[in-house]
Amino acid sequence: MDTLLEILQELHDDIDFDTHETLIDDKVIDSFDIITLIAEVDDRIGVTIPPEELVPENFNSYKAISKLIERLEDD
């Protein structure tokens, strides 16, 4: 998931995404960041995130986003 980490760091290079587990709760990433993230994941990783997966718990941490992408890749 190095590409995912690169995408996140491009959005906010001041955040340690390996340890921060409350990205949504702490308002580190907002709706515009999520839209950008979804587009970049689609373009650079080749995984489309469907609307029903756009829930806070899927985007609250790097680990949660990674698990979401891995689950969608397996489908």
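The values are calculated or read from the model by the stated rules, or taken from the named source; none is laboratory data. Predicted model only: the values in this text are computed from it and were never measured. Heads up, the Cβs are rebuilt from the backbone with ideal geometry, glycines too, and the neighbour counts pull from every protein chain shown. Protein only, heavy atoms only, side chains kept; ligands, DNA and RNA dropped before computing areas. Shrake-Rupley method; radii C 1.70, N 1.55, O 1.52, S 1.80 Å.
Roughly how many debye, to the nearest 20, is the charge dipole of the chain about its Cα centre, given +1 on each Lys and Arg Cβ, -1 on each Asp and Glu Cβ, and no other charges? Kindly include the intermediate steps, with their values, before the conclusion.
Working: 5 positive and 22 negative charges, 28 e Å.
Dipole magnitude for the chain comes out near 140 debye.
Relative to the longest principal axis of the C-alpha atoms of the chain, give the angle of the C-alpha long axis of helix 31-40, reported between 0 and 90° and rounded to the nearest 10°.
The angle comes out near 50 degrees.
Going by average Cβ density within 10 Å per residue, which order do the peptides 48-54, 6-12 take, highest to lowest? Mind dumping the intermediate values first?
On the way: 48-54: 11.3, 6-12: 16.0.
Result, highest mean first: 6-12, 48-54.
How much mean residue ellipticity at 222 nm does the chain get from its helices, if each DSSP H run of length 4 or more adds -39500 (n - 2.57) and you divide by all residues, to the nearest 500 deg cm²/dmol?
Working: 3 runs with 33 residues, N = 75.
Rounded to the nearest 500, the figure is -13500 deg cm²/dmol.
Could you list which residues have their amide H under 5 Å from that of residue 23, counting only those 5 or more apart in sequence or on another chain, with H placed in the peptide plane?
The answer is 61.
Counting heavy atoms of the protein chains only and a 1.4 Å probe, report the per residue accessible area for the chain as a whole number of Å². Present the calculation step by step, with values, prior to reporting the outcome.
Working: 4610 Å² over 75 residues.
Ligands and nucleic acids excluded, the figure is 61 Å² per residue.
Positive end of the charge dipole of region 4-75 (Lys, Arg +1 and Asp, Glu -1 on Cβ, about the Cα centre): tell me which of 64, 41, 8 has its Cα farthest that way.
So the residue furthest toward the plus end is 64.
Each residue of region 54-64 in order: what ³J(HN,Hα) in whole Hz does its phi give by Karplus 6.51 cos²θ - 1.76 cosθ + 1.60, θ = phi - 60°, with x for Gly and Pro?
Whole-Hz 3J(HN,Hα) from phi for region 54-64: 7, 10, x, 5, 7, 10, 7, 7, 4, 4, 5.
Probe radius 1.4 Å, ligands and nucleic acids ignored: give me the carbon and sulfur share of the accessible area of the chain as a rounded percent. Can you show the working numbers first?
Details: 2160 of 4610 Å².
Here it works out to 47 percent.
Can you send over the solvent-accessible area of residue 61, 1.4 Å probe, protein chains only, in Å² to the nearest 10?
For residue 61, the solvent-accessible surface is approximately 10 Å².
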